[in-house]
Amino acid sequence: MTGEVRSLLIGAVCVALAAAVPYVTDGYWLSIALTAMMYIALSTSWALFSGPTHYISLASGAFFGIGGYLVATGMSDYNQSFWLMMFVAAVVATLLAGLIGLATLRLSGVYFVIFTLGLAEMIRNLVSWVQNNFLGSRGLYVLTDFTDAHIYWMLLAVAAAVFLFGWFIDRSRLGFALKIIGNEETVARHVGINTAWTKVVLFMSTGFFAALVGAIIAPRYSYIEPNLVFSPELSFLVVIMALLGGTHRLWGPLLGVIPFTLIWEAISIWVPNFTTLFLGLAFLTIVYFIPNGFVGLLEKLRHRSVA
Amino acid sequence: MDILISGLLLGGTYVLIAMGLNLQYGVARIMNLANGEMIVLGALAGFWLYMTATISPLLTIFLIAPIAFAGNWLVYRLLLVPLVRRAGNQGQLEVDSILATFGMSFVLVGIMVSLHGEYFTYSFLASPLSILGTTVALNRLVAFGFAVVIGLILYLWLNHSRAGMAVRAVSVDPASARLVGIDVGKVSALAFAVGGMVSAMAGVLISTFITLDASVGVIFTMKALIIVIMGGVGDIRGAIVAAVILGMVETAVATLIDPGLTLAAAYLIFLLVLLFKPQGLFGRAPV
Amino acid sequence: MSNGRTLLDVQNISKKFGGLVAVNGLSFTVKEQEVLGIIGPNGSGKTTVMNLISGAFPLSSGSIRLMGRELADLSAHRIARAGVARTFQLVRILPGLSVMDNVVAGAVFGHRRRWRTEAESHARDLLDRVGLGDKHYQPVSALTYIDQKRVELARALAGDPQILLLDEWLAGLNPSELHTGIELIESLSREGRTIILVEHVMDAIRTLCHRCIVVNSGQLIAEGTPASVLSDPTVISAYLGDD
């Protein structure tokens, strides 16, 4: 029990420290911290599902886009409040994730990856089509009084919620079931685990959190169009950062997000034409040299120093 | 009628793409998500040789074939074999190969963007032609003809040659194939290389009638995967039917509703397949 | 023993894989506290029967009732919860978990569900019971083959199942391990557990089974005590080939 109290305390201290960032800096570095916080929430939530199950989800971009787009449509076209639309977006994305999960998660992982691979692009096409043909092709404005600091704190709250959720899962039957599924799905079924339901529930949680993040980020752009928020690239970045950090520990993705956000930022500024190439090299580096992420490297080092 | 004919012509090229991927996934057991980039590389070669040296794309097909074959063979030997060795089970190999081929796909896109960042636009055999009252561009018809010929050669090779027999044996059961003296590693490399070669050749054909750019590969990967899954992994007959269905549905949606919805249409088909026939159109339930 | 209530009632079950009929109109029953052996030549459909009872794949037709409750259309996890536990022909363990957690898995999600300390103490008892008392926290991948089979058995027992399916649990053991294994199953039977065994080891069949059914080409060809079915001429010709 003391171990649990201690990890909760450490978590609380980290959140408090992170919350102080806007007091220390604003402008450029705050915007980088904001981006990092966004990916911390997304990658950690991604890893909660994909880590134990080994199902690689590329749906983050789609759920994120739903969050941003629904907030924009609701505020711009229907005069709804930001908070209501944030809630609606999260519910819609969760339900969509549930439907996708029911259709694909009973099958092999390959089908799931393929299905999520083009999902953001497909939804973007659909949304653009609906907008162009039925709603008139206007841009959508998200006008709020939020400053970067506000957005940052909201993202921090989501990230903290993801960690708390992960911490809770790890101690629940659901988390234990997920671990067993990741080991041997056949055994899981035959000891009485509803494998489909377990996977779908976790996948829905990634949809929920990604849509929340997308909704919260929307005010940062003020002007939203489908091409901006339904970005397939985002899905890949989430996967890379999580894998780079390591998915078998709750805090693993965090270790990947921070350095990767900085490098990504640097590359986008200095050599913007090489971002795609770099993304590819990052994937290859992870697969061939750090298959268990930074967490795996750390654990190996500790193992060696003990032995 | 328009839709039927255009759809059929498009489907012909899709068959070729799906055959390439089928060889790579069905035999070498590698889910190659960089397959679309192989198509785009072929298209880029077709475009570039035509623009700089006015080499006919129809000749480029044969120029690029040996290069693509060698390139894919090397990729399999150098990058994928280590993953096959390392993986404890099929699931692990699947995850690793998906991530690795994603990496390769991005690297290839990155390189192609720096080579030629704009659209691969050129005009080749663009004259209109009338068949059965429908007007189609000559280049589509020629591409279809070439696709049929290449597909037929591939089919004959698989079914009537010693090497083709070995490829089919590995696709059905690698363990048993090993027992009858087939070098599974070698055959897998061969299948992967031939698969990549066919994709690149299809890419040259496609470039004659569709304008591509460096980043469009992933769409082709998606379509090829949908066709392979709909037709059933390793099932050539199924892939042909599936490719024609996809070609027709896409053409129908593009002409009747909106060209922007072809991907959504492909998704709808995919979803139906996953829900009702996940083992493929002609597939039997897995044992 | 033979006058107990019927626990499992299998009626006219069939399974087709494409054109192949693996199980063809098979019927049998298992009484409470009975040990039933399913024997037959290789490829006769024995493991398929186990897979059908445990819900690994659906029946093509027929009915399987556990204490009157129809299992035929349930998925594997529901059947497990209803009280059917199994081991696998090729041992299946959870390689990433400790010995203890492998067994806790059965206790947490099985027929009778426990959680936390209750699940752990139950798992500990079972590990002692199957002879792994000193290996609770080893990684399961470090175990020998028979120990892995013990883990699997303990995991199957951990949910307090109504009926236990052992699919060639004794296969691949050396003579002294075999002896230990037979004793272990015998002690489970003495506890009053209901067991279905698929076995090739004839000594085990003779010692353990109260009753046997013999399956060939997916059909029942004989039924009775081990001694009577093993001397039945139809059974002998099925094993040795007809002509």
Flagged pairs (Cβ under 6 angstrom, 6 or more apart or on separate chains; first in segment B:212-229, polar (S, T, N, Q); second crowded, with 24+ Cβ neighbours inside 10 Å and part of a loop (DSSP other than H, G, I, E, B)) are B:Thr221/B:Leu33
Checked C:Val140, C:Val130 against criteria (closer than 16 Å to A:Asn183 by Cβ, among the β-branched types (Val, Ile, Thr) and touching a residue at least 40 places away in the same chain (Cβ under 8 Å)); the one match is C:Val140
Examine segment A:7-22 for a residue that is among the hydroxyl-bearing types (Ser, Thr, Tyr), out of contact with any strand residue (DSSP E or B) (no Cβ under 7 Å at 6 or more places or on another chain) and more than 14 Å from chain B (Cβ to nearest Cβ), and state whether such a residue exists.
yes
Checked segment B:107-131 for anything farther than 25 Å from B:Glu37 by Cβ, open to solvent by less than 60 Å² (accessible area, probe 1.4 Å) and either touching a residue at least 40 places away in the same chain (Cβ under 8 Å) or within 11 Å of chain A (Cβ to nearest Cβ) (or both); matches are B:Ile131
With the structure loaded, tell me whether A:Arg189 is among the charged types (D, E, K, R), within 14 Å of chain C (Cβ to nearest Cβ) and surrounded by fewer than 16 Cβ atoms within 10 Å (Cβ to Cβ) or whether it fails that test.
no
Can you spot a residue in segment B:186-206 that is within 24 Å of B:Phe120 (Cβ to Cβ), more than 11 Å from every other protein chain (Cβ to nearest Cβ), within 20 Å of the chain's Cα centre (by Cα) and not in a helix (DSSP H, G or I)? no
The residue from B:Val244, B:Val253, B:Val249, B:Val233 that alone is over 19 Å from B:Val148 (Cβ atoms), within 15 Å of the chain's Cα centre (by Cα) and surrounded by fewer than 21 Cβ atoms within 10 Å (Cβ to Cβ) is B:Val233
Of the residues in segment C:40-65, those that are within 16 Å of C:Asp9 (Cα to Cα) and open to solvent by less than 10 Å² (accessible area, probe 1.4 Å) come to C:Val49, C:Met50, C:Leu52, C:Ile53, C:Ser54, C:Ile64
| query | Would you call B:Val95 under 29 Å from A:Val238 (Cα atoms), open to solvent by 40 Å² or more (accessible area, probe 1.4 Å) and in a helix (DSSP H, G or I)? | reply | no
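Considering each of A:Leu84, A:Leu42 in turn, give the residue that is among the aliphatic types (A, V, I, L, M) and either at pLDDT 95 or above or touching a strand residue (DSSP E or B) at 6+ places or on another chain (Cβ under 7 Å) (or both). Spell out how you get there, then give the answer.
On the way: A:Leu84 fails: either at pLDDT 95 or above or touching a strand residue (DSSP E or B) at 6+ places or on another chain (Cβ under 7 Å) (or both).
After applying the criteria, what remains is A:Leu42.
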Of (1) open to solvent by 20 Å² or more (accessible area, probe 1.4 Å); (2) away from chain A (no Cβ under 14 Å); (3) in contact (Cβ under 8 Å) with a residue 24 or more places away in the chain, B:Met165 satisfies every one except (3)
Given (1) open to solvent by less than 10 Å² (accessible area, probe 1.4 Å); (2) within 9 Å of another protein chain (Cβ to nearest Cβ), C:Val35 misses just (2)
The residue that is most open to solvent (accessible area, probe 1.4 Å), considering only those in segment C:88-109 that are touching an Asp or Glu at 6+ places or on another chain (Cβ under 7 Å) and at the interface with chain A (Cβ under 9 Å from one of its Cβ atoms), is C:Arg92
For segment A:198-223, the count of residues that are β-branched (Val, Ile, Thr) and crowded, with 24+ Cβ neighbours inside 10 Å equals 3
Matching residues in segment C:215-234 (of a type outside the set (Val, Ile, Thr), open to solvent by 50 Å² or more (accessible area, probe 1.4 Å) and outside any loop (DSSP other than H, G, I, E, B)) number 6
Subset of segment B:57-83, residues modelled with pLDDT under 85 and open to solvent by 30 Å² or more (accessible area, probe 1.4 Å), comes to B:Leu58, B:Leu59
So the helices (runs of 4 or more DSSP H) completely within segment A:98-184 holding 1 or more residues that are open to solvent by 30 Å² or more (accessible area, probe 1.4 Å) and either within 14 Å of chain C (Cβ to nearest Cβ) or touching a residue at least 12 places away in the same chain (Cβ under 8 Å) (or both) are A:119-130, A:148-170, A:173-183
Condition set over 16 Å from B:Met112 (Cβ atoms) and of a type in the set (Phe, Trp, Tyr), scope segment A:266-307, selection least open to solvent (accessible area, probe 1.4 Å): answer is A:Phe283
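For residues that are touching a helix residue (DSSP H, G or I) at 6+ places or on another chain (Cβ under 6 Å) and either open to solvent by 30 Å² or more (accessible area, probe 1.4 Å) or under 14 Å from C:Val35 (Cβ atoms) (or both), tally how many sit in segment C:148-163.
Counting residues in segment C:148-163 that are touching a helix residue (DSSP H, G or I) at 6+ places or on another chain (Cβ under 6 Å) and either open to solvent by 30 Å² or more (accessible area, probe 1.4 Å) or under 14 Å from C:Val35 (Cβ atoms) (or both) gives 1.
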A careful count of residues in segment A:114-158 that are out of contact with any strand residue (DSSP E or B) (no Cβ under 7 Å at 6 or more places or on another chain) and farther than 30 Å from B:Ala265 by Cα gives 16
With criteria (1) away from chain B (no Cβ under 14 Å); (2) open to solvent by 30 Å² or more (accessible area, probe 1.4 Å); (3) not in a loop (DSSP other than H, G, I, E, B), A:Val71 comes up short on (2)
Counting only residues in segment A:224-262 that are small (Gly, Ala, Ser) and in a helix (DSSP H, G or I), the one surrounded by the most Cβ atoms within 10 Å (Cβ to Cβ) is identified as A:Ala242
B:Leu271 vs (1) open to solvent by 30 Å² or more (accessible area, probe 1.4 Å); (2) in a helix (DSSP H, G or I); (3) in contact (Cβ under 8 Å) with a residue 40 or more places away in the chain: all pass except (3)
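So that you can scan it fast, the table gives a plain yes or no per residue for (1) surrounded by 14 or more Cβ atoms within 10 Å (Cβ to Cβ); (2) of a type in the set (Gly, Ala, Ser):
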site: B:Thr135; (1), (2): no, no
site: B:Ile150; (1), (2): yes, no
site: B:Leu156; (1), (2): no, no
site: B:Asp183; (1), (2): no, no
site: B:Ser188; (1), (2): yes, yes
site: B:Val194; (1), (2): yes, no
site: B:Met201; (1), (2): yes, no
site: B:Leu205; (1), (2): yes, no
site: B:Thr208; (1), (2): yes, no
Exactly one of C:Ser141, C:Ser217, C:Ser189, C:Ser176 is at pLDDT 90 or above and among the polar types (S, T, N, Q), and that residue is C:Ser189
Matching residues in segment B:1-41 (over 19 Å from A:Gly280 (Cβ atoms) and part of a helix (DSSP H, G or I)) number 25
Check: Is at least one residue of segment A:239-255 farther than 30 Å from A:Leu99 by Cα and either without any contact (Cβ under 8 Å) to a residue 40 or more places away in the chain or away from every other protein chain (no Cβ under 14 Å) (or both)?
Finding: yes
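The values are calculated or read from the model by the stated rules, or taken from the named source; none is laboratory data. Since we're looking at a predicted model, the values are computed, not measured. Glycine gets a Cβ as well: all are built from the backbone with ideal geometry, and neighbour counts include every protein chain shown. Note: accessible area is taken over every heavy atom of the protein model, side chains too, but ligands, DNA and RNA are not part of it. Shrake-Rupley method; radii C 1.70, N 1.55, O 1.52, S 1.80 Å.
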